Amino acid sequence: MRVSKNETGGNDVKTTLRPIEKEDLPALWKLLYSDPSPEWKKWDAPYFPHVNMSLDEYEASYVSDPDRYLEHQRIIEADGLIIGTVSFYWEYEPTRWLEAGIGIYDPRYWNGGYGTDALDQWVEHLFATKEIGRVGITTWSGNERMMRTAEKIGMILEGRMRKCRYHEGVYYDSIRMGITREEWEERS
């Protein structure tokens with residue numbers, strides 16, 4: 001199933017979200033693991049180590065858990081290229097606490113609205129397919145682009161854990177943002 005803003009009423013589609021297929025794995029691996037110190041990792045939780053894996057290991061992880069790729073993650077495409085992924089995980093499934101994630105791994109697509117477009121589509125998809133009352137994201141105060149992206153789609157600051165992320169000699173805050181189903185449905 002492909003998700004696009006055209007299906008949800010918008011008109012400025014920059015990205016397409018689609019399930020990950022086995023044929024996509026080499027291109028995704030190249031974005032994620034071919035560089036031992038990728039540029040995107042400077043923004044995506046850089047305080048956690050980037051663990052490289054071989055293409056064979058990456059493909060084996062897909063084969064061993066295809067449902068994870070099918071249910072919890074989608075490719076972001078723009079201009080016919082794979083540029084990133086969106087995902088979700090259950091913070092605590094019994095209470096329906098779901099967190100979303102997004103990664104634009106190709107720096108050529110930073111600051112052009114691609115992340116905002118993809119996150120908007122993903123949140124729409126999550127509310128349409130899950131019985132949840134809220135979608136949230138967790139980031140760090142050093143990732144201002146992620147916070148702006150979340151704000152642009154209507155998410156608000158819900159929590160700030162001060163100085164709990166230490167990176168390269170500086171303390172950063174952990175940031176929680178979210179939007180409720182009612183807030184999402186009220187957007188114009």
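The values are calculated or read from the model by the stated rules, or taken from the named source; none is laboratory data. All values reported here derive from a predicted model rather than from experimental measurement. Because the Cβ atoms are built from the backbone with ideal geometry, glycine has one as well, and the counts that use them run over all protein chains shown. In case anyone asks, the SASA skips ligands and DNA or RNA and just uses the protein heavy atoms, side chains included. Shrake-Rupley method; radii C 1.70, N 1.55, O 1.52, S 1.80 Å.
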Net charge (Lys, Arg +1; Asp, Glu -1) of residues whose beta-carbon lies under 13 Å from that of L81, L81 excluded, is 0
Theoretical gain in end-to-end length, S64 to R18 [0.36 nm per residue, Cα-Cα removed]
14.5 nm
Contact order relative to length for the chain, counting C-alpha pairs under 8 Å separated by 6 or more residues, stands in percent at 19
Cα-based radius of gyration of the stretch 55-152 once divided by 2.2 N^0.38 Å, which approximates compact folds
1.13
Show that you can apply the helix-only estimate: for the chain, add -39,500 (n - 2.57) for every DSSP H stretch of four or more residues, divide by all residues, and state [θ] at 222 nm to the nearest 500.
-9000 deg cm²/dmol
Here are some values of semi-axes √(5λ) of the Cα gyration tensor in Å: (1) 24, 22, 17; (2) 26, 22, 14; (3) 31, 23, 12. Which one was computed from this structure?
(1)
Quick one: 3J(HN,Hα) in Hz for the stretch 165-180, Karplus 6.51/-1.76/1.60 with θ = phi - 60°, rounded, Gly and Pro as x.
10, 9, 8, 6, x, 10, 8, 10, 8, 8, 10, 10, 10, x, 9, 7
For the stretch 41-188: accessible area per residue (Å², 1.4 Å):
54
Which one of A60, L157, L126 is farthest out on the positive end of the charge dipole of the chain, using unit charges on Cβ (Lys, Arg +1; Asp, Glu -1) and the Cα centre as origin?
L157
Label points 7 Å out from Cα along the Cβ direction at A128 and Y166: separation in nm?
4.5
Using the membrane-span-like helix rule (whole DSSP H runs, Cα extent along the own axis of at least 27 Å, mean Kyte-Doolittle hydropathy at least 1.6), which helices of the chain qualify?
none
Pair L157, H50: separation of 7 Å Cα→Cβ label points (nm)
2.9
Got a sec? Charge dipole of the chain, +1 on Cβ for Lys and Arg, -1 for Asp and Glu; which of Y47, S37, H167 is way out at the positive end?
H167
Estimated FRET transfer efficiency (E183, W90; beta-carbon r; R0 22 Å; 0.05):
0.60
